[in-house]
1. Of the numbered conditions (1) acidic (Asp, Glu); (2) at pLDDT 85 or above; (3) open to solvent by 70 Å² or more (accessible area, probe 1.4 Å), residue 2 fails exactly one; give the number of that condition.
2. Can you tell me which residues in the range 9-28 are among the basic types (Lys, Arg) and in a helix (DSSP H, G or I)?
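The values are calculated or read from the model by the stated rules, or taken from the named source; none is laboratory data. Just so it is clear, the model here is predicted, and its values are computed rather than measured. These accessible areas exclude ligands, DNA and RNA; they are computed on the full protein's heavy atoms, side chains included. Shrake-Rupley method; radii C 1.70, N 1.55, O 1.52, S 1.80 Å.
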Amino acid sequence: MEDAPSAVLKHLGELKRPYLTAMEKKLLSVIEKEYGIIDEIPRNFQLTQD
């Protein structure tokens, strides 16, 4: 992976907050699309308790 995408991913992994801003989400989705990364859990996945 190139330096710029690696730096973005490293930054996102070091965030102290439990959410991404709209811009961070957009950057992440561009990187995922470019490198063919598929989420293990779909973004619209919701946990439910029975």
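1. Of the numbered conditions (1) acidic (Asp, Glu); (2) at pLDDT 85 or above; (3) open to solvent by 70 Å² or more (accessible area, probe 1.4 Å), the odd one out for residue 2 is (2).
2. Step one: filter the range 9-28 for residues among the basic types (Lys, Arg), giving 10, 16-17, 25-26.
Those that are among the basic types (Lys, Arg) and in a helix (DSSP H, G or I): 10, 25, 26.
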